[in-house]
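Shown next, in structure tokens, is the structure this report addresses.
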Amino acid sequence: MDGNGRWAKKRLLPRSFGHKEGVKTIDRIADTVFSVGVKYLTIFAFSTENWNRPEDEVAGLLGLFRRYLKSNVPKLIKRGIRLNILGSRRAFDQEFIDLVDDACKRTEGGSVGTLNICFDYGGRAEIVEAVNKCVESGRKVDETTFASCLQTGGIPDPDILIRTGGEHRISNFLLYQMAYSELFFTDTLWPDFSGEEIKEIIAEYRKKDRRFGRINEE
Ligand code: IPE
Ligand code: MG
């Protein structure tokens, strides 16, 4: 999700308004993709590098996340959406950790789709954590067992990666998992990102010939 700050700036509003508006986009996009058969939606909400933003913006983002967890769970349950939080918890106090665990637990029965929210997440940090798990286990790993040590263990690799906000970079998102993802970049700022546009991207994706290194034999 990129472009919240610019969305607000264009309207002469503080950046925090853009983040608030961006939260609404999450629900809109989740409903759209789950309605067309997507089973997992993974949102990059806060990176390990976002801690370097000004203190008030970081506090605002933490506050928004907390509010989302506190107030959105009944709506998620109603829509059949299972919530899953990825990322580090080292910066959270026990109350926050309980809030995260409680939200995930209460939505556990959701079978329409899984919404993964990555918070204090970094692809490199995740890989390093997985390597350490493997080292501690003392066993050699292959690609499958290694993948199961990642925080996304049990979740299929993403078929589609979308970055809004005009930049063409990955910024430390799902580095291991996106080896064969189809990449889409749009100039649309995240708060403006619509169900229509993501449906167009999915339609475009469906036309692609995914060979995974093989060739097509006619
Ligand atoms: C993305 O929007 C939201 C988060 C990283 C939390 P930005 O805050 O990066 O918005 P821009 O890039 O400044 O417009
Ligand atoms: Mg940005």
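The values are calculated or read from the model by the stated rules, or taken from the named source; none is laboratory data. Everything numeric in this text was worked out from a predicted model, so none of it was measured. FYI the Cβ positions are ideal-geometry reconstructions off the backbone, even for glycines, and counts take in every protein chain you see. Areas reflect the complete protein model, heavy atoms only, side chains present, ligands, DNA and RNA absent. Shrake-Rupley method; radii C 1.70, N 1.55, O 1.52, S 1.80 Å.
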Every listed condition ((1) without any contact (Cβ under 8 Å) to a residue 24 or more places away in the chain; (2) in a loop (DSSP other than H, G, I, E, B)) holds for residue 157 save (1)
Reported set for the stretch 189-214 where residues are part of a loop (DSSP other than H, G, I, E, B), open to solvent by less than 50 Å² (accessible area, probe 1.4 Å) and out of contact with any helix residue (DSSP H, G or I) (no Cβ under 6 Å at 6 or more places or on another chain) is 194
**Study point:** Filter result for residue 169 (within 16 Å of ligand 2 (Cβ to nearest atom), among the basic types (Lys, Arg) and outside any helix (DSSP H, G or I))
**Key:** yes
Test result for residue 24, assigned to a helix (DSSP H, G or I), within 16 Å of ligand 2 (Cβ to nearest atom) and charged (D, E, K, R): no
Q.
Quick check on residue 63: is it open to solvent by less than 80 Å² (accessible area, probe 1.4 Å) and away from ligand 2 (no atom under 15 Å from the Cβ)?
A. yes
If we ask which residues in the stretch 177-218 are within 16 Å of ligand 1 (Cβ to nearest atom) and in contact with a strand residue (DSSP E or B) (Cβ under 9 Å, 6 or more places away or on another chain), their number turns out to be 3
By residue number, the members of the stretch 1-21 that are open to solvent by 40 Å² or more (accessible area, probe 1.4 Å) and either within 12 Å of ligand 2 (Cβ to nearest atom) or part of a helix (DSSP H, G or I) (or both) are 1, 6, 9, 10, 15, 16, 17, 20, 21
Restricting the stretch 9-47 to residues that are in contact (Cβ under 8 Å) with a residue 40 or more places away in the chain and near ligand 1 (Cβ under 9 Å from one of its atoms), the one farthest from residue 194 (Cα to Cα) turns out to be 47
Counting only residues that are open to solvent by 30 Å² or more (accessible area, probe 1.4 Å) and either under 17 Å from residue 72 (Cβ atoms) or within 16 Å of ligand 2 (Cβ to nearest atom) (or both), the stretch 28-41 contains a total of 2
Here the qualifying pairs (Cβ atoms under 7 Å; residues six or more apart or on different chains; first in the stretch 81-106 and more than 22 Å from residue 50 (Cβ to Cβ); second open to solvent by 30 Å² or more (accessible area, probe 1.4 Å)) come out as 81/112; 82/108; 106/77
Picked from the stretch 138-166 (must be of a type in the set (D, E, K, R) and open to solvent by 60 Å² or more (accessible area, probe 1.4 Å)), the residue nearest to residue 123 (Cα to Cα) is 157
By residue number, the members of the stretch 70-109 that are open to solvent by less than 70 Å² (accessible area, probe 1.4 Å) and in a loop (DSSP other than H, G, I, E, B) are 79, 80, 87, 88, 91, 92, 107
